[in-house]
Amino acid sequence: MPVYTSDALILRTYKLGEADRIVVFLTRDRGKKRGVARGARRARSKFIGTLEPLTRAGVAYYERELRDLVRINYVEPQSSPLAAIGRAQGDAAALGHAAYFAELIDEWAPEAHADERLYRLGASVIDALAGGAAVPRLARYFEFWLLRLQGVYPQVSSCPGCGGAFDGGAVMPPRDSHYLCRRCVPAAGGTTLSIEALRFLRSAAACAPEALDGVALDEAPARELETVHRRLIHVHLEKELKSARVLREISQESHGSRGADLRVSHGAHAFEPGRQPTD
Ligand SMILES: [Zn+2]
């Protein structure tokens, strides 16, 4: 049985049998893998606290001939969303976003071959999150880069309709997935992007996530970007992500009951340290 040790991102886990878990992880060098973590649900398991979605870790695993499922030997966390607890704006928001980023990577990661750029994006985002980066800004940055790496992010340098600059902001017409300037856009509405939102995208194109704290993004342009990115993700994945629904609920609860302990009040969707949110 060949043994491999890889830098990897934990993407998600699910239960197997009485005490085990299946772990889906993206390796830097050999693409996405699925493996069995034996005894991972036992109280004293060596895997406790290591399998939170988006954990960056060294993973050692055996490949078995003619089997798709590998056997996980150990997981050695290097950067964990659990480190963001108590440092980011809200524990629930930080862990919820880690799960959201992990689910997006899982959706887009190819099964059989390495995608080093996607790995590096995930690894740098978890490092920024664990280091206490502002969560909404990091989320818009991550969506922008993820869609860009897939080659589906619309042009932001100039309007594809007329070649002119987006000097008055941009509009994503309804049922379209590109940006047009206000001169080219048909009358029937669409989703608008302000100059501030476009400026953020241009900065995001040129900076690493740990430098994002120096890039301005107010609440209104952040909401515009969230809306257009949700549309783009929906168009390209043709579905809504489970973690995106959870994030919306977290956001509604935090607006409705400021100061409440979201991890307790959130019931079935609780994101607690040492507990896997994908149960
Ligand atoms: Zn135009």
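Every number here is computed from the coordinates shown, using simple stated rules; none is lab data. Nothing here was measured: the structure is a model prediction, and the numbers come from that model. Neighbour counts are summed over all protein chains in view; Cβ atoms, including those assigned to glycine, are modelled from backbone coordinates with ideal geometry.
Plugging the Kirkwood radius over Cα pairs into Stokes-Einstein for the stretch 133-258, at a temperature of 10 °C and a viscosity of 1.306 mPa s, what D comes out in µm²/s?
D = 104 µm²/s.
Determine the dipole magnitude for the stretch 133-258: charges of +1 sit on the beta-carbon of Lys and Arg, -1 on that of Asp and Glu, nothing else is charged, the reference point is the Cα centre, and the result goes in debye to the nearest 20.
Charge dipole, the stretch 133-258, about its Cα centre: 260 debye, nearest 20.
Full extension from residue 196 to residue 116: what is 0.36 nm times the residue separation minus their Cα-Cα distance, to one decimal in nm?
Fully extending the segment from residue 196 to residue 116 adds 25.7 nm.
So, with +1 on the Cβ of K and R and -1 on the Cβ of D and E, and no other charges, what is the size of the charge dipole of the stretch 1-135 about its Cα centre, to the nearest 20 debye?
460 debye
Compute all pairwise cysteine Cβ distances in the chain, then list the cysteines with no distance under 4.7 Å to another cysteine.
162, 184, 207
How would 22, 126 line up from fewest to most surrounding beta-carbon atoms within 10 angstrom?
Listing 22, 126 from fewest to most nearby Cβ atoms yields 22, 126.
If exposed GluC sites (Glu not before Pro) are those in a DSSP loop with at most 11 other Cβ within 10 Å, what is the longest stretch of the chain that has none?
112-237
How large is the helix-only mean residue ellipticity at 222 nm for the chain, computed as the sum of -39500 (n - 2.57) over DSSP H runs with n ≥ 4, divided by its residue count, in deg cm²/dmol to the nearest 500?
Using -39500 (n - 2.57) per qualifying helix, the result is -11500 deg cm²/dmol.
Subtract the Cα-Cα distance of residue 74 and residue 19 from 0.36 nm times their separation in residues, and report this length gain in nm to one decimal.
18.2 nm is the gain from fully extending residue 74 to residue 19.
For the stretch 133-258, build the charge dipole from Cβ charges (+1 Lys, Arg; -1 Asp, Glu) around the Cα centre, then report which of 193, 141, 206 sits farthest towards its positive end.
The residue sitting farthest along the positive end of the dipole is 193.
Could you state the angle between the C-alpha long axis of helix 116-130 and the longest principal axis of the C-alpha atoms of the chain, as a value from 0 to 90 degrees rounded to the nearest 10?
90 degrees
Toward the positive end of the charge dipole of the stretch 1-51, about the Cα centre and with charges on Cβ (Lys, Arg +1; Asp, Glu -1), which of 6, 48, 35 goes farthest?
The listed residue farthest towards the positive side: 48.
Output the 0 to 90 degree angle, nearest 10, between the alpha-carbon long axis of helix 135-149 and the longest principal axis computed from the alpha carbons of the chain.
90 degrees
Using a Förster distance of 35 angstrom, determine the FRET efficiency expected from the C-beta separation of residue 251 and residue 46, and round it to 0.05.
0.50
Considering every pair of different Cα atoms, what Kirkwood radius, in Å, is found for the chain?
19.8 Å
Is the shape of the stretch 38-82 rounded, prolate or oblate, going by the alpha carbon gyration tensor and its root eigenvalues a ≥ b ≥ c, with a/c under 1.5 for rounded and a/b larger than b/c for prolate?
Here the stretch 38-82 falls in the oblate category.
Working from Cα positions, state the angle (0 to 90°, nearest 10) between the long axis of helix 195-206 and the longest principal axis of the chain.
Tilt of helix 195-206: around 50 degrees.
What order do you get for 72-84, 167-179, 50-62 when each peptide is scored by the mean count of other beta carbon atoms within 10 Å, highest first?
Per-residue Cβ counts within 10 Å, averaged per peptide and sorted highest first, yield 50-62, 72-84, 167-179.
Given labels modelled 7 Å from the Cα in the Cβ direction, how far is it in nm from residue 216 to residue 3?
Here the modelled spin labels are 5.5 nm apart.
For the stretch 33-132, what class follows from the C-alpha gyration tensor (a ≥ b ≥ c being the square roots of its eigenvalues): rounded when a/c is under 1.5, otherwise prolate if a/b is larger than b/c, else oblate?
Oblate, because a/c is 1.5 or more while a/b does not exceed b/c.
Hey, got the dipole for the chain? About the Cα centre, +1 on K and R Cβ, -1 on D and E Cβ, debye to the nearest 20?
In total the dipole reaches around 440 debye.
If each residue of separation counts as 0.36 nm, what is the full-extension length gain between residue 107 and residue 242 once their alpha-carbon separation is subtracted?
So the chain would gain 47.4 nm between residue 107 and residue 242.
So if R0 is 22 Å, what FRET efficiency would residue 183 and residue 227 give, r being the distance between their Cβ atoms, rounded to the nearest 0.05?
After rounding to 0.05, the efficiency reads 0.50.
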